[in-house]
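The values are calculated or read from the model by the stated rules, or taken from the named source; none is laboratory data. On a predicted model such as this, the values are computed, not experimentally measured, just so you know. Don't worry about glycine lacking a Cβ; one is built from the backbone with ideal geometry, like all the others, and counts go over all protein chains shown.
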Amino acid sequence: MLKPLNYICPSAMILIVDDKPENLFSLKTLLEINRYETDTAASGEEALKKILKNNYSLIILDVQMPGMDGYEVAETITGYSKSKDIPIIFLSAVHIDKRFITKGFASGGVDYVTKPFDPDLLLLKVKTFTRLHAQTSELNRIKATLEQKVEERTRELREMNKALETSNAELQQYAFLASHDLQEPLRKITTFSRIVWDKFLADRPGAEEYLAKIISSSERMRKLINDLLNYSRLSNDALFVSTDLNDLVKDVETDLELSIKEKGARLEVGPLPKADVIPGQMRQVFQNLLSNALKFSRQDIPPVIEIWAERVAEMKLDSAPESDGPFVRIYIRDNGIGFNEIYLDRIFTIFQRLHSRHEYEGTGIGLALVKKIVDRHNGVLGAQSAEGAGSTFTLVLPLIQVPVPPITTPHG
Amino acid sequence: MAKQFSFLLVDDDPDDTFLFGEVLRDVASSVVLSTAANGHEALEQLRASNPLPDLIFLDLNMPRMGGVECLSTLKSNAELSRIPVIIYTTSSQSKDIEETIQKGAVCFITKPSNIKELSEILTTIVQSLPTNLEPAIQTLSKKGTHFIIC
C-alpha cells in the first residue's frame, strides 16, 4: 500500500509572518531579490490558515505580535503533522526566550534573528534552512519508497517460499513413491533368483556364478534405493528436543554390537552434553560415522574409536574452547585406513566414493546424509585424515536451537 | 486325529502369495491355506467362514482396505479378535511396527527375501500350534537376521 505522498519535493516557498506591513515588505523584497518565492501573513491566525492550505519550506516568524505571539504559533505549527518538519526562524526585537532554542523541535530547524537584522546573516540562515528542509523531504520520500520496495520484496519472498515448500513436498512424495514402487520388483528379482539357484542350480557352477551377480546387483540396488529414500525424506519439520547425547551414542553402540564384536573393536566415549537435536537424525549421524569407522578399519589392527567433546565459543571447527560456550565440538576419531585430505570436498558429496564397491561396500550416501543433518542442525562438519593414519570427524553444534518463525502470510 | 490347522493369508501380491503357499506346503502339508487379496475380501471371507482360521497373516499395503484398517476391524469384533494376527509385509518402518503391535498384532514380520528364512519362520510357527504361539514368536524375534519384532 502506497503511503500518502505528503513528502513531495517542496517549492522553496517561504512564509513571512509579521503584524507590521513595513517589515513584511522589506523582508519580502530582500528574499525575492535573492530569488526566493515568498508569501506573507499579518497574524498568527492567518499564518496557520495558510500553512494548512499551502506547502512552505521555511517560516520566518515575528515573535511580538498582538493576538497569538510567535511562540504560540510555533507550538501549533509543530503540532500539525503536515508542518512539523518545517524550519522556523524567529524574528525578535528582544532577547529570545531560551526555551525555544534549547527545546529542540522535531526537525531541528529552529533559529532566531534579532531586529534590526543583518540581511546577509538572515539570507545565510534562510539558505541553510531551506536546504535542510529540502533534504529532510527528500529523505522522507526515499524512506517511503524503500518501505514500499521492502514490502514488495517480502511479498515476493513469501510467495517463492510457499512455492518451494510445495515443490519440496511434491518431490519428497515422488521420491517415496518411486522408491517404494521400485523396491517391489527388485525384491522379486532377488527372491526368485535365489529360488532358481537353490532349486535348480546347486550342481551347476557356471550358472551359479552368473546368478550370484544378478542377486548381488539387485541387493545393491535395493540398498541404494533405501538410502536415497532416507536422504530425500530427511524431515524438515521434525522438532528439536533437548537430548542427552550419551544416550544416543549408547543406542548406536547397541545397534552396532554385532559388528563391534566381529571386528574386535573398542569404543571409548567421553562425556557428551545435552543439546537441542532432532534425536532420530542425530542418532543417524553417530550411526553413520561409527559404522564407517568400523568399516574402514585396517585389516590387521582392531579398530579403536574415540568419541569426546568440548564446549567452544564459536560455530567454527577451530574455535577456541570455552567451558560455558554456547556450542559443543564433538570428535570422532578412528585408527582406520584414513583418506587423503585432497578428497575432503568430495567425501561429503552424495554418491562420491573413494573406493570401488569391490573394496568396500557402500552407496556413497552415508556422509552426505551426515552433512545434510548437521546443516539442518545449524552446525558445522569437518574431517581430518591421512592415508594409513586414521580419521577424525569433527562436528560443531549449537547447544540451544532457536526455532525459526515461519514466514507466514499476513492476514488481510 | 490331529487337528487340521488353517491359515488365512491377506496379501495383494500374487507372487508372495504363491511363494507362501509353496513354502507352507513343503513345511506342513496338512495346514490349509486360504487367501484374500485385501482387507475387505478378508473380512467377507471370515464372516462366511466356519470354522475360523487359527492364524491370520496380514499384509499392510493393499488396495481397497489396507492392513491397519483390517486389523482394527478384526480386533473390534468379539469373535474375530480371538484369532492371532501376524503382520507380514515388505515394510520395515518402525512407525508401522508400533502402530500394528499397538493395535493388537502379535508379531511383525518383514517379508524375507529368501525362501530358507520363510521356511524357518513357518516351521517354527506351525510346530508351536495350537497353544505355544507366544513362545515360538519369542524365539523368532531373537533370530535378528531380519526384522521380526514382537
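Do we have residue A:362 as touching a residue at least 24 places away in the same chain (Cβ under 8 Å), on the phi < 0 side of the Ramachandran plot and surrounded by 13 or more Cβ atoms within 10 Å (Cβ to Cβ) here?
For residue A:362, the condition - touching a residue at least 24 places away in the same chain (Cβ under 8 Å), on the phi < 0 side of the Ramachandran plot and surrounded by 13 or more Cβ atoms within 10 Å (Cβ to Cβ) - is not met.
Identify all residues within region A:370-405 that are without any contact (Cβ under 8 Å) to a residue 12 or more places away in the chain and aliphatic (A, V, I, L, M); write none if there are none.
A:402, A:404
Please enumerate the residues belonging to region A:157-183 that are surrounded by 14 or more Cβ atoms within 10 Å (Cβ to Cβ) and either within 14 Å of chain B (Cβ to nearest Cβ) or outside any helix (DSSP H, G or I) (or both).
The answer is A:179, A:180, A:182, A:183.
Check whether at least one residue in region B:119-135 is in contact with a Lys or Arg (Cβ under 6 Å, 6 or more places away or on another chain) and within 14 Å of chain A (Cβ to nearest Cβ), and report yes or no.
The initial filter retains those residues of region B:119-135 that are in contact with a Lys or Arg (Cβ under 6 Å, 6 or more places away or on another chain), namely none.
No, every residue in region B:119-135 fails to be in contact with a Lys or Arg (Cβ under 6 Å, 6 or more places away or on another chain) and within 14 Å of chain A (Cβ to nearest Cβ).
Can you tell me which residue among B:103, B:116, B:75, B:143 is at pLDDT 80 or above and within 14 Å of chain A (Cβ to nearest Cβ)?
B:116
Can you work out which of the residues in region A:228-251 that are surrounded by 14 or more Cβ atoms within 10 Å (Cβ to Cβ) and over 28 Å from residue A:308 (Cα atoms) is nearest to the chain's Cα centre (by Cα)?
A:232
If you scan region B:78-92, which residues turn out to be more than 14 Å from chain A (Cβ to nearest Cβ) and either small (Gly, Ala, Ser) or surrounded by 13 or more Cβ atoms within 10 Å (Cβ to Cβ) (or both)?
Correct list: B:78, B:80, B:81, B:83, B:84, B:85, B:86, B:87.
Quickly run through region A:88-107 and pick out the residues that are modelled with pLDDT under 80, under 16 Å from residue A:77 (Cα atoms) and touching a Ser or Thr at 6+ places or on another chain (Cβ under 9 Å).
A:105, A:106, A:107
So which helices (runs of 4 or more DSSP H) stay within region A:196-269 end to end and still have 2 or more residues that are farther than 30 Å from residue A:401 by Cα and modelled with pLDDT under 85?
It comes to A:205-232.
Would region A:311-330 turn up any residue that is surrounded by 21 or more Cβ atoms within 10 Å (Cβ to Cβ), out of contact with any helix residue (DSSP H, G or I) (no Cβ under 7 Å at 6 or more places or on another chain) and more than 15 Å from residue A:272 (Cβ to Cβ)?
No: zero hits.
All but one of (1) within 14 Å of another protein chain (Cβ to nearest Cβ); (2) buried (at least 20 other Cβ atoms within 10 Å of the Cβ) hold for residue B:95; which doesn't?
Answer for residue B:95: the failing condition is (2).
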